[in-house]
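Here the structure is laid out as structure tokens; the discussion comes afterwards.
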Amino acid sequence: MSKHYLMCRPDHFAVEYAINPWMHPEAGADRDRAILQWETLRKVYLELGHEVSLIEPIEGLPDMVFAANGALVVRGRVYGARFTYPQRAAEGPAYLNWFTSNGYERVCEPAFTNEGEGDFLTLDDVILAGTGFRTDITAHKEAQEFLGLPVVTLQLVDPRFYHLDTALFPLNGHNVAYFPGAFSAGSQEVLRTMFPEAVIATEDDATVLGLNAVSDGTNVVINTEAADLQLELKRRGFEVVPVDLSELRKAGGGPKCCTLEIRG
Ligand code: ARG
């Protein structure tokens, strides 16, 4: 199925502060390399037949490339982001502004802290929502009320997997892949109950951000290093499209972090 994605070119990308365990400002990152890797990701989407819209990158917002955090868009309704850390705070209004200037009328300026699709992943009839590091559980209720889809709270417990989209991705509208160790015991049980057929990823897959993948139901765009997970996805009949986003991983991001899905 053809998708519509919003992306932000990493023109101002840098690792200047550390707000997750992947970030090491003293080691820095190579912006030109990040741009090349990001351009490849964008081309992959276009070649798969998806539509890609672009938001203008803003100087002084080195993490703005991680468009997934900018909002949650379901049924044409835009639930805005409200960032945890002051370094990213200005991204919330910037992304909301993109939507309002592009004709989206049903917009919610959130009262509660949430990092968009970083912590909200949408399936056909349910939204899975992470909490524990960034998104506040009160935002789960706010999103449910605004979007009219049930929101299921999942508790994240491992700081390496600080957003839900670092530990789980929807394979299609009704199944997911995930790394159990990122979740509390209760949330693992919830996931087992909801998704008995889920793809279970290993810690090795998770620590190369292999779960920060983007599936259109047929093709899975995934970090090239996630070898075991790619094998299992192929075994399940998915087309695997590996991408190298190693430079962006230095900020704690992968393919999904760079991609905000706009659902009509
Ligand atoms: N450096 C960014 C942060 O810590 C990375 C965000 C990654 N985005 C995501 N959807 N997981 O906020």
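The values are calculated or read from the model by the stated rules, or taken from the named source; none is laboratory data. Since the structure is predicted, the reported quantities are computational estimates derived from the model, not experimental observations. Reconstructed Cβ throughout: ideal geometry from the backbone, glycine too, with neighbour counts over all protein chains shown. Only protein heavy atoms, including side chains, enter the accessible area calculation; ligands, DNA and RNA are left aside. Shrake-Rupley method; radii C 1.70, N 1.55, O 1.52, S 1.80 Å.
What to note about this one:
- Stretched out straight at 0.36 nm per residue, the stretch from Y17 to T138 would grow longer than its current Cα-Cα span by 40.9 nm.
- For S2 and D125, a Förster radius of 22 Å and the Cβ-Cβ distance give a FRET efficiency of 0.55, rounded to the nearest 0.05.
- With a simple spin-label model that places each label point 7 Å from the Cα along the Cα-to-Cβ direction, the separation between T224 and S101 comes to 3.5 nm.
- Fraction of beta bridges assigned by DSSP in the chain that are antiparallel (%, nearest 5): 45
- Å² of accessible area per residue within the range 94-160, as computed with a 1.4 Å probe and no ligands counted: 43
- Across the chain, Cα pairs under 8 Å and at least six residues apart give a relative contact order of 22 percent.
- Percent of C-alpha pairs per 10 Å bin, the range 4-261, short to long: 8, 34, 40, 18, 1
- Taking each residue as 0.36 nm, the span from R236 to E203 lengthens on full extension beyond its C-alpha to C-alpha distance by 9.9 nm.
- Efficiency of FRET between T193 and R263 - r from beta-carbon atoms, R0 30 angstrom, step 0.05: 0.75
- Segment E47-D30, extension gain: residue separation times 0.36 nm, minus the distance between their alpha carbons: 3.5 nm
- The portion of the accessible surface of the range 159-264 made up by carbon and sulfur, rounded to a whole percent, is 51 (1.4 Å probe; DNA, RNA and ligands excluded).
- Alpha-carbon centroids, the range 1-33 and the range 71-86: separation in whole Å: 19
- Charged-residue dipole, Cβ positions (Lys, Arg, Asp, Glu), the chain about Cα centre, Debye nearest 20: 340
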